[in-house]
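The values are calculated or read from the model by the stated rules, or taken from the named source; none is laboratory data. Everything quoted here is computed from the prediction, not taken from an experiment. Glycine also receives a Cβ, built like all others from the backbone with ideal geometry; neighbour counts cover every protein chain displayed. For the accessible areas, the whole protein counts, side chains as well, though only heavy atoms, and no ligand, DNA or RNA atoms are used. Shrake-Rupley method; radii C 1.70, N 1.55, O 1.52, S 1.80 Å.
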Amino acid sequence: MWSIMTDELFDPVPDELPSPEELFHKEEGNKDKKGKSTPSSHHTRKPIPRYKVVKRFSIGFLLLLILVILGAANLGRLGIHFYCMGSSSMESVIPKDSFLVVKSVKPEELKEGDIITFINGDHISVTHEIIEVILEYNSGPGYRTKGTDNEECDASITSYDDVIGKVVFHIPYVGRWLTLWKKS
């Protein structure tokens, strides 16, 4: 009743592997008495032609790209914004031409050491570090900011109303390419 399995009978890896042609070769069915082929009980799968693979990949890639663009366009409504670091005032922390992802935050969430993007008095977006939080400034909190590589603080205090958000993360050196794409 019990038989002993030998290494010959139970070899999980064969000595010779079949070639791709053998794997994907369409088997002829059994021949009937008139020489016509009949379908065999064992069907093999045909390989997908290369152009169909490329076409499917291209369509999938384009759909993904469209979803990313539509998602990015609507992220502003969720308080997520994208910027390019245009100056070297934060070079030691954020290299020039970095891609910045900035998220809107509540005033009580900002503290010393946070890197924020704000609109300065010349209506230019600036990304600097908070070095001091001033609890009562005009109608809300204010922030003294400074570029990490600048010797002096920014000339004016930034009110919370001018803050776009806190830098969540950055990708070095790709911001210039993304802003060129955005302009075209």
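Does the range 75-89 contain at least one residue that is farther than 30 Å from CYS153 by Cα, open to solvent by less than 90 Å² (accessible area, probe 1.4 Å) and not β-branched (Val, Ile, Thr)?
Taking the range 75-89 as the starting set, the residues that turn out to be farther than 30 Å from CYS153 by Cα are 75, 77-78.
Pick out the ones that are also open to solvent by less than 90 Å² (accessible area, probe 1.4 Å) and you get 75.
Right, trim to not β-branched (Val, Ile, Thr) and you get 75.
Yes, that holds for at least one residue.
Of all residue pairs spaced 6 or more apart or on separate chains, none has beta-carbon atoms under 7 Å together with a first member in the range 123-136 that is on the phi > 0 side of the Ramachandran plot and a second member that is part of a strand (DSSP E or B) and surrounded by 16 or more Cβ atoms within 10 Å (Cβ to Cβ).
Would you check which residues across the range 74-106 are among the aliphatic types (A, V, I, L, M) and in contact (Cβ under 8 Å) with a residue 12 or more places away in the chain and list them?
Taking the range 74-106 and keeping what is among the aliphatic types (A, V, I, L, M), we get 75, 78, 80, 85, 90, 93-94, 100-102, 105.
Scanning the range 74-106 gives ILE80, MET85, MET90, VAL93, ILE94, LEU100, VAL101, VAL102, VAL105.
Taking the range 138-148 as the range and being open to solvent by 40 Å² or more (accessible area, probe 1.4 Å) and either within 14 Å of VAL167 (Cα to Cα) or assigned to a strand (DSSP E or B) (or both) as the test, the residues that pass are ARG144, LYS146.
Quick grid of which residues meet (1) open to solvent by 20 Å² or more (accessible area, probe 1.4 Å); (2) of a type in the set (Phe, Trp, Tyr); (3) within 31 Å of the chain's Cα centre (by Cα); (4) under 21 Å from PHE82 (Cα atoms):
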| site | (1), (2), (3), (4) |
| --- | --- |
| PHE99 | yes, yes, yes, yes |
| GLY113 | yes, no, yes, yes |
| THR117 | no, no, yes, yes |
| ILE124 | yes, no, yes, yes |
| GLU129 | yes, no, yes, yes |
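Those strands (runs of 3 or more DSSP E) of the range 33-137 in which 3 or more residues are over 22 Å from VAL174 (Cα atoms) and at pLDDT 70 or above occupy 125-137. Every test in (1) among the charged types (D, E, K, R); (2) touching a residue at least 60 places away in the same chain (Cβ under 8 Å); (3) assigned to a loop (DSSP other than H, G, I, E, B) is passed by ARG176 save one, and that test is (3). Has the range 151-161 got at least one residue that is outside any loop (DSSP other than H, G, I, E, B), free of Cβ contacts under 8 Å to residues at least 60 places away in the same chain, open to solvent by 40 Å² or more (accessible area, probe 1.4 Å) and among the aromatic types (Phe, Trp, Tyr)? For the range 151-161, residues outside any loop (DSSP other than H, G, I, E, B), free of Cβ contacts under 8 Å to residues at least 60 places away in the same chain, open to solvent by 40 Å² or more (accessible area, probe 1.4 Å) and among the aromatic types (Phe, Trp, Tyr): present.
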